[in-house]
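Enquirer: Pasting a structure below so you can have a look.
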Amino acid sequence: MNFTLKLGVSALSLALLTGTALANDNVYSGFPVTVKDYAGKKTTSVAYTGQIARHTLHDSLKKLAGKGNGKPNPDLKAQLLSYYANKDKGRMIVAPKTKGPFVISQTGVDDISKGKDLASKTYKGVVNGMPGDMKGAELVTFWIDKTSSANKGVDAVAGYNYPQLISKFILGAVMYSQAVDNYLDEGLSAKKKPNDKAYKDGAPYTGKEHYWDEAFGYFGAPAHTLTLTPAQVIEIAKMGKASKAPADAVALADYNKDGKIDLRTEMTFGPAYYAAGFDKGGKTTYLKNITQAYLEGRKTITAAKGEKLSMDQRVKLKGYASIIEENWEQVLAEATFKYAGSVYKDMTKLQALKEANKDTSKQLGKYIKHWGELKGFSLALQTGKNNLGETASELNTLVGAGPLMPDGSQVINIDGRGNYLRDQDNTTWSQYMVQMAQVQQLMINKLGVTARGNDVTAGLEDLLSKLGNQEAAEAD
């Protein structure tokens, strides 16, 4: 998608979101049953528990991925696959869990929704940004095998933090991809799950109502997000970690005032957390734009009263879907931008420590972690509805298949047995730092990021000049 088109969609966003009067209750709940001849006891048609169950599977998988002790661990690998690839009964929610006054209602995945997995919902295309021509689920399974035998999920030789790689990729390859390239794309066609029929026999919701709800569920926002500030949405995700009084986070999350946090409707999960994180700076409104578009779209479907959607209603829905897709893509681009800056800053600190003959181990851990977040998000960005084409190719080249390590090595391929193949001294430390700044410039030029956390592009021209001088001196 080029920047001109994105500006056009932004104009559409403004027109749609300001042109629709908001209801008094800006909460994604309570929409009535509109299915004709429904004979059940449900009084609301809202349901997206399957998506929330997958958020808990993701959060639990990330937590477990750091439990390795540096040796092959078949039991840990089996547990990780249980949360990613299987639909096992009785899986406990490893994260998020009750913490002090932040009491969570559900303790098991089945308490939310039964028979759910992540693998079957993972991006079906080939992940071009990593060697091996692996599809989405294959790549995650490969990383699961690696992290199960890594010390706390980190390969300090190759430079991989697997919990971060797995987590950030899944936020795109499952949550983002399913929402924008399935439910809000093919799912909006007139023939796909029509609105004048129940989603399935006996269901209290129509096909279109449920498809739209499921797309909302993948965003991971509290149902009452529009009553909160971005900082408050973040505080819910942190479960009071940043509060002077942890009970303050409970008050923010507990919308129905029952003293507990219902993960199905009151918790903040990954995609919404990152949107709020960028909005907190005041330069963007991704969280509001996405949540409000979801809410207005649901109102449009409900207004059809169980009949087929009119052409005008379908056009409106597609407009709201465009708002969601555009803003969500921007969130992933902002995350890629931010962590490229983090990696650059880590490299600056590592270089200074090395020159001062000081211990680099702690800073190296941060570098590997931030690179994992950069790589995960940069791959996630490529799993949506839009084919990023040359932008994706350039991004993958700049980031590489692995971080440049202090010894000059860098993973460039994976052999047939799953072993990493590394290049040596093909890229200089200064060159790779420049590439991180170039990643940020790419996100500005091609995706129009606005929040720009950890911006290091101001000195890009000077960096390129110094690099050119350095290379010329080495050639002499």
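The values are calculated or read from the model by the stated rules, or taken from the named source; none is laboratory data. What you see is a predicted model; the values in this text were computed from it and never measured. Heads up, the Cβs are rebuilt from the backbone with ideal geometry, glycines too, and the neighbour counts pull from every protein chain shown.
Enquirer: With the requirement that a residue be in contact (Cβ under 8 Å) with a residue 60 or more places away in the chain and not in a loop (DSSP other than H, G, I, E, B), what does the range 224-269 give you?
Expert: THR225, LEU226, THR227, ALA247, ALA249, VAL250, ALA253, ILE261
Enquirer: Another question, if that's okay. For ASN445, state whether it is part of a strand (DSSP E or B), surrounded by fewer than 16 Cβ atoms within 10 Å (Cβ to Cβ) and modelled with pLDDT of 95 or more. Can you show your working first?
Expert: Details: part of a strand (DSSP E or B): no; surrounded by fewer than 16 Cβ atoms within 10 Å (Cβ to Cβ): yes; modelled with pLDDT of 95 or more: yes.
Here the answer is no, as ASN445 does not meet what is asked.
Enquirer: Return yes or no: is ASN396 outside any loop (DSSP other than H, G, I, E, B), on the phi < 0 side of the Ramachandran plot and buried (at least 17 other Cβ atoms within 10 Å of the Cβ)? Give the derivation first.
Expert: Values: outside any loop (DSSP other than H, G, I, E, B): yes; on the phi < 0 side of the Ramachandran plot: yes; buried (at least 17 other Cβ atoms within 10 Å of the Cβ): yes.
Yes, satisfied.
Enquirer: Would you please list the contacts, defined by Cβ atoms under 6 Å and residues six or more apart or on different chains, that run from a residue in the range 118-131 that is more than 16 Å from LYS62 (Cβ to Cβ) to a residue that is of a type in the set (S, T, N, Q)?
Expert: Hits for this filter: LYS121/GLN178; TYR123/SER177; TYR123/THR383; GLY129/ASN396; PRO131/ASN413.
Enquirer: Out of (1) of a type in the set (Val, Ile, Thr); (2) in a loop (DSSP other than H, G, I, E, B); (3) farther than 16 Å from SER342 by Cβ; (4) touching a helix residue (DSSP H, G or I) at 6+ places or on another chain (Cβ under 7 Å), the odd one out for THR391 is which?
Expert: The failed condition is (2).
Enquirer: Also, I was wondering about something else. Evaluate the following for LYS121: is it farther than 29 Å from ILE301 by Cα and not hydroxyl-bearing (Ser, Thr, Tyr)?
Expert: On the way: farther than 29 Å from ILE301 by Cα: no; not hydroxyl-bearing (Ser, Thr, Tyr): yes.
Spelling it out, it is not the case that LYS121 is farther than 29 Å from ILE301 by Cα and not hydroxyl-bearing (Ser, Thr, Tyr).
Enquirer: Here is a check on your reading of the model: is VAL250 surrounded by fewer than 24 Cβ atoms within 10 Å (Cβ to Cβ), touching a Phe, Trp or Tyr at 6+ places or on another chain (Cβ under 9 Å) and over 20 Å from THR336 (Cα atoms)? Even if it seems obvious, please write down each step before you answer.
Expert: Working: surrounded by fewer than 24 Cβ atoms within 10 Å (Cβ to Cβ): yes; touching a Phe, Trp or Tyr at 6+ places or on another chain (Cβ under 9 Å): yes; over 20 Å from THR336 (Cα atoms): yes.
Here the answer is yes, as VAL250 does meet what is asked.
Enquirer: If you check every pair at least six apart or on different chains, which have Cβ atoms under 8 Å apart with a residue in the range 141-156 that is at positive phi first and a residue that is charged (D, E, K, R) second?
Expert: Short answer, once both residue conditions are applied: LYS152/LYS67; GLY153/LYS67.
Enquirer: For the range 294-334, how many residues meet the condition of being farther than 26 Å from THR206 by Cβ and in contact with a Leu (Cβ under 8 Å, 6 or more places away or on another chain)?
Expert: 4
Enquirer: If you check LYS366, LYS316, which single one turns out to be under 28 Å from PRO246 (Cβ atoms), among the basic types (Lys, Arg) and assigned to a helix (DSSP H, G or I)?
Expert: Values: LYS316 fails: under 28 Å from PRO246 (Cβ atoms).
Exactly one of LYS366, LYS316 is under 28 Å from PRO246 (Cβ atoms), among the basic types (Lys, Arg) and assigned to a helix (DSSP H, G or I), namely LYS366.
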